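Here is the structure we will look at, set down as structure tokens.
The values are calculated or read from the model by the stated rules, or taken from the named source; none is laboratory data. Being a predicted model, the structure only gives us computed values, none of them experimental. FYI the Cβ positions are ideal-geometry reconstructions off the backbone, even for glycines, and counts take in every protein chain you see.
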Amino acid sequence: MKKMVQVVVAFSMIALMVSGCSKQSVADRGYDIYLFNAKGENAAQVDAMAKAYQEATGVRVKTFSIGAGAEQSAPMNTEMNSKNMPTIFSVQGINNLAMWLEGGYVQDFALVENNPAFSQLAQDIAPELRLTLGGTTNYGIPYNLEGYGYIVDKKMLAELFGLSDAAGLIQDIKSATYSEWEGFVTEVDNWIKDAPTGPVTVSGKTYTLAPSKTALTGTLNGVIAFMGSQRWTYGDHLVNVALNATFTTINDSLNATEADIRRIRGPLVAYAKALDFKTRHVAGKNGPAQRGQDLVSDANFGYDQAVQVFAEGKALLLKQGNWAYNNILSVNQEAAERLYFLPIKMPFTPGDITAQGMSIEKLERSIPVFVPNYYTVNALCSEEEKQKAYDFLVWMNTSPEGQRFIIEDMAFIPYNADAAVTTVPNSLGNSILEYMKTGDTIGDRWHGAPGPWAGDGLGSLLMEQYLVKPEWTQNDYETIADFGVARWIELLNQ
């Protein structure tokens, strides 16, 4: 990490000599501030917001968004090494923050002067949502609150079981045990494949699959839409559920000792078992999918393809977050209004749970809810450019027009939303708020792991050696878990 930062610093200091991100006056670049957006799913909405801000204030905002579902590291480094660095850029949690702090790129908002509106905005961020390494520092404005789990179309689920409404079944699935979850998925998959099925038991209640298929359920090819080419979906987000069994806070994972890291072995075994089961019930574009090289191909199992499979009703479930709402909406507007989150369950044992206040039951009924990214201001830019960035962030987070873009156009939950009274105009956002009201949420513990550990490390191992392998064994589960433990310890000692 230090070597990478040194390279970034070296290139960027050269760029400062000619860029607008400096204290020197430069020729007009065609914009006043430059916003790097790490959420490619809302690229069009960010562009529209920038144009609206220019119309309202005369300040020109250049935007750059990564591709939907893409990782931000490579394009971020490219842009930060470019002739003109971003004025506002994205930081993904405290681990990512440390890297950019070392290079001197991140503005400490506690030191901002001559902008009372922005200072108040930063001070009003709840302590638990701040991008900070402790003390009085605050380095970021949260993008939003996000959550993820298995997305389901409530009408599809109701018709599968011949119900007029799926509300009761959903509540039973939420509190079901992992073994009941496996039984539910197995019987639904058999039904889709026209194989004999039996009753489905969840939370001790029995449900029977419908005797025949409807126009809606007849399109199903499998239970789960899967993004095999997107390592972050299983290397980051899926493993995060397991890390919540071990780490009480994100700082616990950030500051984990070797002894702490060794405690994740049991949860990682459960994670591997859950991923094995999940990838034996995947829906493809034209029928059931199998593990193999095709499952990790971007052409057939990328982000867009999996969203398409789900939105077209070919899969019952899609493990994604509320950021996928607009993508689903663009394919199937009717289904988009009927979406709900189901928890991601794993076969934890009592010995796996060492996080304070955590239990198997809590993990089984909860979804992760967290701040995914923060807007931070480039400390290397001129004071004039930084002040314009502060004004833009205030407008985006406080003005009616800025809030409209966040809530309606981007389908985001504002980071300062009160779950008791807030509603948002999309089904997935309201599903997250429902979990928040009942306290059935877990955190983003993977953000505290070393940067290369999750997606690049564990995700790469799974993509290259296991998602292409037809059958997994108990030894495979343990090998995956041992790799996760050893790799984290290796990174800790570097």
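Odds and ends about this structure:
- Candidates THR473, THR398, THR422, THR441, filtered to the one that is more than 21 Å from the chain's Cα centre (by Cα) and within 30 Å of PHE277 (Cα to Cα): THR473
Rundown of residues vs (1) in a helix (DSSP H, G or I); (2) more than 21 Å from ASP456 (Cβ to Cβ); (3) assigned by TED's automatic domain parsing to the domain that holds LEU169, yes/no style:
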{"position": "VAL188", "(1), (2), (3)": "yes, yes, yes"}
{"position": "SER229", "(1), (2), (3)": "no, no, yes"}
{"position": "LEU238", "(1), (2), (3)": "yes, no, yes"}
{"position": "ALA272", "(1), (2), (3)": "yes, no, yes"}
{"position": "PHE277", "(1), (2), (3)": "yes, yes, yes"}
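- The set of residues in the range 291-307 that are surrounded by 19 or more Cβ atoms within 10 Å (Cβ to Cβ) and touching a helix residue (DSSP H, G or I) at 6+ places or on another chain (Cβ under 7 Å) comprises LEU295, VAL296, PHE301, VAL307.
- Helices (runs of 4 or more DSSP H) contained in the range 102-174 and holding at least 1 residues of a type outside the set (A, V, I, L, M) and under 18 Å from PHE89 (Cα atoms): 116-123
- Subset tally (residues that are more than 22 Å from the chain's Cα centre (by Cα), surrounded by 13 or more Cβ atoms within 10 Å (Cβ to Cβ) and modelled with pLDDT of 90 or more) for the range 122-137: 1
- Subset of the range 338-357 (residues that are more than 26 Å from THR279 (Cβ to Cβ) and either among the hydrophobic types (A, V, I, L, M, F, W, C) or in the same structural domain as ASN81 (by TED's automatic domain parsing) (or both)): ALA355
- Pairs linking a residue in the range 265-281 that is in contact (Cβ under 8 Å) with a residue 12 or more places away in the chain to a residue that is among the polar types (S, T, N, Q), with Cβ atoms under 6 Å and 6 or more positions apart or on different chains, are PRO267/THR246.
- When PRO288 is tested against (1) buried (at least 19 other Cβ atoms within 10 Å of the Cβ); (2) touching a strand residue (DSSP E or B) at 6+ places or on another chain (Cβ under 6 Å), just one condition goes unmet, and that condition is (1).
- Condition met for SER460 (more than 28 Å from ASN138 (Cβ to Cβ), of a type in the set (Gly, Ala, Ser), in contact (Cβ under 8 Å) with a residue 60 or more places away in the chain and in contact with a strand residue (DSSP E or B) (Cβ under 9 Å, 6 or more places away or on another chain)): no
Condition check ((1) in contact with an Asp or Glu (Cβ under 9 Å, 6 or more places away or on another chain); (2) among the charged types (D, E, K, R)) across all residues:
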residue	(1), (2)
GLY228	yes, no
VAL239	no, no
GLU258	no, yes
THR279	no, no
ARG291	yes, yes
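- Candidates THR208, THR177: the one that is among the polar types (S, T, N, Q), more than 28 Å from the chain's Cα centre (by Cα) and in the same structural domain as ALA336 (by TED's automatic domain parsing) is THR208.
- Yes/no for TYR207 being of a type in the set (Ser, Thr, Tyr), under 25 Å from PRO368 (Cβ atoms), at pLDDT 95 or above and out of contact with any Lys or Arg (no Cβ under 7 Å at 6 or more places or on another chain): no
- Some residue of the range 163-175 being of a type in the set (S, T, N, Q), surrounded by fewer than 21 Cβ atoms within 10 Å (Cβ to Cβ), in contact (Cβ under 8 Å) with a residue 12 or more places away in the chain and within 26 Å of TRP446 (Cβ to Cβ): yes
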